[in-house]
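Undergrad: Let me give you the structure first, and then I'll get to my questions.
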């Protein structure tokens, strides 16, 4: 029964999270409250996402669980090292795309959300189109201790990231047009060097 509620809540969280991130919802909120609301929207959205994910951890902690495997040393040490490297990649990616904007601080002290003037294809984005998602999946799947509840969360989180990336790419395609199509043609989605050659320059936004 615990697994059912864990999966149910994760699905609901993912749907609500994606819904609030959609362009249609942002346009609707702007119509109701005015464009100035976008100055606090990103920060409030992030805070809401973190706060509403906490019940997932509570349910996972209280629900009956069963250990599936424990990776012994030295392999578990290597897996933890991989997790630390994934965290570094996450931080680098956030900084590269604008840490303050990612959190919502830049919008709060500036003029609200605005479209980037160019498509970022250098740095981490030279090798994969979604380095933050890639690093996130590496982090969760390298856990040396795996239980039924953790496996459930990992599967749900991975599906959410993949589906989220698909919707994000549709938005980027509309925003950058052929520039993003060219970038997409030579740069893998999640796994570096999976296809073609990495992008070698920054395409200017259309």
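Quick note: the coordinates plus some simple rules give every number you see, no bench work behind them. Computed from a predicted model, the values in this text were never measured in an experiment.
Undergrad: Hey, what's the per residue convex hull volume over the C-alpha atoms of the stretch 1-80, in cubic angstrom?
TA: 134
Undergrad: Follow-up. Given the -39500 (n - 2.57) contribution per DSSP H run of 4+ residues, what per-residue ellipticity at 222 nm results for the chain, rounded to the nearest 500 deg cm²/dmol?
TA: Values: 9 runs with 138 residues, N = 206.
Only helices count here, giving -22000 deg cm²/dmol.
Undergrad: Average the reciprocal distances over every distinct pair of alpha-carbons in the stretch 123-195, invert the result, and give the Kirkwood radius in Å.
TA: On the way: mean 1/r = 0.0746 Å⁻¹.
That comes to 13.4 Å for the stretch 123-195.
Undergrad: So what is Rg over Rh here for the chain, counting just Cα atoms and using Kirkwood for Rh?
TA: Values: Rg = 18.8 Å, Rh = 19.0 Å.
Ratio of gyration radius to Kirkwood radius for the chain: 0.99.
Undergrad: Could you work out the pair-distance distribution P(r) of the stretch 26-130 from its alpha-carbon pairs, with 10 angstrom bin width and percents rounded to whole numbers?
TA: It works out to 12, 25, 31, 21, 9, 1, in whole percents.
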